[in-house]
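Chemist: Below is one structure. I have some questions about it.
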Amino acid sequence: MIKTKGSKIVTQDDVRYIASLSRISLRDEEMARLTRNLEDILHYVRKLEEVDVRHIEPTSHVLPLKNVYREDRMRPSLTREDALQIAVQQHEGFFKVPKVIQ
Amino acid sequence: MNQVVQQKYETVIGLEVHLQLKTETKIFCGCANVFGREPNAQVCPVCLGLPGTLPVLNKKALAYAMKAALALNCQINSFIKFDRKNYYYPDLPKGYQISQYDNPIASHGYLEIPAEDGRVKRITIKRAHLEEDAGKLIHDEGTNSSLVDYNRTGTPLMEIVTEPDLRSSQEAYDYLQNLKLTLQYLNVSDCDMEKGSLRCDANISIRETGDPCLGTKTELKNMNSFKAVKAALEFEERRQQKALESGERIVQETRLWDEGRGATVSMRSKEEAHDYRYFPEPDLVPFVVDEGVIDTIRRSIPELPQQKYKRFRSEYKLSDYDANIMVQDADVANFFEACARLYPQPKKICNWIQGPLLQELNARKAHVRDLRMTPEYLTTIIRKTDENVLSNLAAKEAFQHVMETGKSADEVIEQKGLAQVSDSGILESVVEEVIRDNEKVAGQIREGKESAVGFLVGQAMRKTQGKANPKILGELIRRRLLA
């Protein structure tokens, strides 16, 4: 996504695409504002390009922790009633959602 | 499609197998990992993806995955991490699936399948990773809604991906058979396609024979059995051949196998490329597995079916066919070996297991360990048959009685009076009687018609209710009439 210096980094098409991936619908003025915002953020982050990272392993986690497990032991689940409380719609013990066919 | 066209093209197949691991609990929470409960009865805030919850990896899920990976000759990677695969679908409550992208559990493995003239072919396993299963969606016919059951959400899934090394639907079928058998020996999954604990997607392309470049592939889904995988691949191979022959191009797409029509059908989804925006899962720390732990798991792997097959061929001199049948179930293989140790007649033992024993197992839908037959009892029956104490018929009867009552073979033979009469004193008087009653036939034998001896043996057997030893009877009759 990061192109040559000085040029626009983010286009409205990029924002439209990201919005569609995130299932967000945007009005035209929101689209324009978000494109500017993202542009500013990426310009700010571009500072990082000045750092020489050739000899540094990519970082996936910042916590000094590894190998955190749980034993394979059962714990009580929610009751169905409790689980379904968060359902916007339900039907015979199922969560009911608008029809989706992939 | 004619032979020439089929030979013009080479088929290239790669398989992705998803395997549910049979841990007690889900991969990232303590909900039960059980199939078939009423909907949404085993869910909790973690697997429902409620805000503020954190996943914690089930140690046993990782151990099972490593065990399977090691059995598939994979290298366990020194640095393992999880990643988020982002997409929206209602069976995925979080809006992402916790999976693994660039640091999977294992890679660079292989599985052997049978090749021509008794050789084997190695199918390379590219990678094996752990992820969480999604929920189950039911599309409510005739309404505008779908129903979701999140019981399956968070079931530990292992994905095993091959390189495009397979060259025919038969090789794909053999790979799946061997994979399933190996995994069943490890006891890490039920591998039941009907229950969805083993699922398989296939990538297939064709190219002109000799072309080093791969053709455009299609991805096949929705196959419910190994036979369906084979049939779908065969259909797709012909479809692609016909398309290329008539100058069309193959479109890269996902196609669903329609079992009823026996055809693959394009999903015709909006052809926007998937963009999962993988990134490291911040809620799970990375894993670095100690060599000692890997060694312990490696040592826990039993002798695998391919090794057992080779050993049975050389150690017991079993035929290809016999050895194959004996290793199809680890418990059957162990039963066979226990018998062979007690009574070194492997071929005879093999025949008894393949015949009566497996028939009983299938008829009762039972498992070897549920049977009342033990290696001791079975070898007693075989030995007594060899020693002519039991006739073949009496042996079968003894077998049935042991299966039904659980009494020992000796007890059954004794109580049912199954032992043959070999006492020549008793048998001689029976022979005398039979010759007297069948003077005409006896006369023919005296004149040299030796084939009639069998008739007199039969008569004598009837007189003794089948308990006489027919071999001794035959000898006695011959001695009496031909000497």
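Chemist: Of the residues that make up the stretch B:76-99, is at least one polar (S, T, N, Q), at pLDDT 95 or above and either open to solvent by 20 Å² or more (accessible area, probe 1.4 Å) or farther than 30 Å from A:R23 by Cβ (or both)?
Modeler: yes
Chemist: Inspect all residues belonging to the stretch B:197-204 and state whether any of them is on the phi < 0 side of the Ramachandran plot, surrounded by 17 or more Cβ atoms within 10 Å (Cβ to Cβ), touching a residue at least 40 places away in the same chain (Cβ under 8 Å) and outside any strand (DSSP E or B). If you could, list the steps in order and put the result at the bottom.
Modeler: Here is the first cut: in the stretch B:197-204, the residues on the phi < 0 side of the Ramachandran plot are B:197-204.
Next, only the ones that are surrounded by 17 or more Cβ atoms within 10 Å (Cβ to Cβ) stay: B:197-204.
After this cut, where a residue has to be touching a residue at least 40 places away in the same chain (Cβ under 8 Å) as well, the list is B:197-204.
With the extra rule that they be outside any strand (DSSP E or B), the set shrinks to B:197.
Yes: the stretch B:197-204 contains one or more residues that are on the phi < 0 side of the Ramachandran plot, surrounded by 17 or more Cβ atoms within 10 Å (Cβ to Cβ), touching a residue at least 40 places away in the same chain (Cβ under 8 Å) and outside any strand (DSSP E or B).
Chemist: Continuing with the same structure: Given the structure, is B:A243 over 30 Å from B:L62 (Cα atoms), open to solvent by 30 Å² or more (accessible area, probe 1.4 Å) and small (G, A, S)?
Modeler: So B:A243 fails the test.
Chemist: Another one. May I ask you to list the residues in the stretch A:84-101 that are of a type outside the set (V, I, T), out of contact with any Pro (no Cβ under 9 Å at 6 or more places or on another chain) and within 7 Å of another protein chain (Cβ to nearest Cβ)?
Modeler: A:L84, A:H91, A:K96, A:K99
Chemist: Closer than 30 Å to B:T23 by Cβ and either open to solvent by 30 Å² or more (accessible area, probe 1.4 Å) or modelled with pLDDT under 95 (or both), is that true of B:P280?
Modeler: Taking the combined requirement at face value, the residue satisfies it.
Chemist: State which residue is nearest to the other protein chains (Cβ to nearest Cβ) when the search covers only the stretch B:130-146 and only residues that are open to solvent by 10 Å² or more (accessible area, probe 1.4 Å), in contact (Cβ under 8 Å) with a residue 12 or more places away in the chain and over 19 Å from B:E24 (Cα atoms).
Modeler: Among them, the one singled out is B:L137.
Chemist: Looking at the stretch B:100-113, which of the residues that are more than 14 Å from chain A (Cβ to nearest Cβ) and hydroxyl-bearing (S, T, Y) is most open to solvent (accessible area, probe 1.4 Å)?
Modeler: Checked the stretch B:100-113; the qualifying residue most open to solvent (accessible area, probe 1.4 Å) is B:Y110.
Chemist: Continuing with this model, one more query. Could you check how many residues of the stretch B:143-155 are aliphatic (A, V, I, L, M) and not in a strand (DSSP E or B)?
Modeler: Residues that pass the stated criteria total 0.
Chemist: Still on this structure: Return a yes/no flag: does the stretch B:314-323 have any residue that is under 30 Å from B:T53 (Cβ atoms), touching a Lys or Arg at 6+ places or on another chain (Cβ under 9 Å) and crowded, with 19+ Cβ neighbours inside 10 Å.
Modeler: No; the residues of the stretch B:314-323 include none that is under 30 Å from B:T53 (Cβ atoms), touching a Lys or Arg at 6+ places or on another chain (Cβ under 9 Å) and crowded, with 19+ Cβ neighbours inside 10 Å.
Chemist: Suppose the filter is more than 14 Å from chain A (Cβ to nearest Cβ), part of a loop (DSSP other than H, G, I, E, B) and open to solvent by 60 Å² or more (accessible area, probe 1.4 Å); does B:G215 pass it?
Modeler: On the way: more than 14 Å from chain A (Cβ to nearest Cβ): yes; part of a loop (DSSP other than H, G, I, E, B): yes; open to solvent by 60 Å² or more (accessible area, probe 1.4 Å): no.
In short, no.
The values are calculated or read from the model by the stated rules, or taken from the named source; none is laboratory data. Values in this document were obtained by computation on a predicted structure and should not be read as measured data. For neighbour counting, all protein chains shown are included, and Cβ atoms are generated from backbone atoms with ideal geometry for every residue, glycine included. Areas reflect the complete protein model, heavy atoms only, side chains present, ligands, DNA and RNA absent. Shrake-Rupley method; radii C 1.70, N 1.55, O 1.52, S 1.80 Å.
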